[in-house]
1. Taking the beta-carbon count within 10 Å as an exposure proxy, list A:T98, A:T88, A:T75 from fewest neighbours to most.
2. Work out the charge dipole of chain B with +1 on the Cβ of Lys and Arg and -1 on the Cβ of Asp and Glu about the Cα centre, then indicate which of B:V24, B:F102, B:S70 is farthest towards its positive end.
3. Sort A:S82, A:S163, A:S134 so that the residue with the fewest other Cβ atoms within 10 Å of its own Cβ comes first and the one with the most comes last.
4. Greater than 21 Å separation of Cα atoms is the criterion. Which listed pairs, A:K93/B:K72; B:K26/B:K72; A:K50/A:K139; A:K105/B:K99, meet it?
5. Measure nothing fancy, just the Cα-based angle from helix B:85-97's long axis to the longest principal axis of chain B, in degrees from 0 to 90, nearest 10.
6. Using the crude model of +1 on Lys and Arg Cβ and -1 on Asp and Glu Cβ, and no other charge, please compute the dipole size for region A:210-281 relative to its Cα centre, in debye to 20.
7. Could the peptides B:43-53, A:260-270 be put in order, highest first, of the mean number of other beta-carbon atoms found within 10 Å of their residues?
8. Would you work out if region A:210-281 is rounded, prolate or oblate? Take a ≥ b ≥ c from the square roots of the eigenvalues of the alpha-carbon gyration tensor; rounded if a/c is under 1.5, else prolate when a/b is larger than b/c, oblate otherwise.
Amino acid sequence: MTSYGGYQRTGYGAQGGDEGGGFMSGSQQGSQGQSKRSTIDEYLRPVTIKQIHDAKAGYNESEITIDGFPVSTVTLVGQVRSVQPQTTNITYKIDDGTGGTIDVKKWVDLEKSESGAETPFSLDTWVRVLGRLSSFNGKIHVGAHHVRVIDDYNEVSYHLLESTYVHVCISRGLPGGPWPQKEGAAAGGHGGGDSDSMFIDSGNGYSGDAAAANARVASCSRQAKSLYQFMQSDPRSIEGINVADVMAGSGMGKRDVLAAADELLGNGIVYTTVDDETWAILET
Amino acid sequence: METSTPRVTCAYLNSYVGRNVMVVGKVAQIRGEDAIIDADGNISCKLNRDAHLVPGNGVQVIGKVNPDLSVKVLSSLDLGTGVDYNLANTVVEITHQHKNLFTNE
């Protein structure tokens, strides 16, 4: 499945009883199983040149990791140490003082260059580079999307601090939650939970298999998620759990429980059993 | 791999004698071939021919630390007036706390 597959599925609103399932298989499994491909493309990592030199390229030279985390698009700062104009690109050697230089290739837009739009940057100026890492013959270079001059030196300080911040968050985790999901580690542990839903889990009491639970109710309201998690944690809900029991057990108000139950019913996640106010989870 | 030029302030100079370092500070004084740069403390610098330092402006200097803790300037870059020196000094501290990101010693 391509990374677009999920989004296409979500576009079909009316798939009857399968609607809930179809929605999840797109948005949830997409964020887990294919995280290697899809999320790489989606985030921009601030790095120092030392980090790029330390980066590990995969066997097929397609995947590059920093701190054990796949990286594709990066932003970096540095001083221009050499400029080599070529017919199709300009290769800059960029140095930020952290260990050697890195080659940054800025492809020349042939249509633009006729009007002389691309002027190479002069030596020793600080520049901000935004581009993709690529590995060729074991040597990593940056294919620049964008290079511009840094006018305010504080941007250099800022970038170095931001690079450090991201490194620390990835290697130690965020103070409040498990943002970084190293390959296999966190992602394998929790079914289909994305990091957002995990924050919600820690807010209420039912953290047991809450991550897996959230996969089914990802598109639902917070109340519906709470109800679903409560029903999962309560063994009585196999035969059906009454509105009074839910209120007593979860502390939710009656109106909230009924609204949440309505929503879950509508999504085909629960069904009514002995009466209209008693529900059981529809197992998949 | 080429060696890094660690970012330092005045206080770190004695750990880097004989090595190339990068200093960001404010030009406090220029006297002929010598200049004093304030980077969390005064550093005396031996300027090269190309150096164009402006008193009161920020400057980035790359140079070699002499045994007397002066810096022989190899390259200098005027940074203008908008430099946040507290921030620059903080960056130096951070780069020494996370050497794996900033130096290859």
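1. Numbers: A:T98 27, A:T88 8, A:T75 18.
Listed from fewest to most nearby Cβ atoms, that is A:T88, A:T75, A:T98.
2. Going by the Cα projections, it comes out as B:S70.
3. On the way: A:S82 12, A:S163 26, A:S134 16.
So the ranking, lowest neighbour count to highest, is A:S82, A:S134, A:S163.
4. Details: A:K93/B:K72 24 Å; B:K26/B:K72 17 Å; A:K50/A:K139 13 Å; A:K105/B:K99 28 Å.
The answer is A:K93/B:K72; A:K105/B:K99.
5. Long axis of B:85-97 versus the principal axis of chain B: about 30 degrees.
6. Values: 6 positive and 9 negative charges, 66 e Å.
Dipole about the Cα centre, nearest 20: 320 debye.
7. Details: B:43-53: 16.0, A:260-270: 20.3.
Top to bottom by mean Cβ count within 10 Å: A:260-270, B:43-53.
8. On the way: a/c = 1.31, a/b = 1.28, b/c = 1.03.
Since a/c stays below 1.5, the shape of region A:210-281 is classed as rounded.
Quick note: the coordinates plus some simple rules give every number you see, no bench work behind them. Worth saying up front: this structure is predicted, and the values here are computed from it rather than measured. Virtual Cβ from ideal backbone geometry, glycine too; neighbours counted across all protein chains shown.
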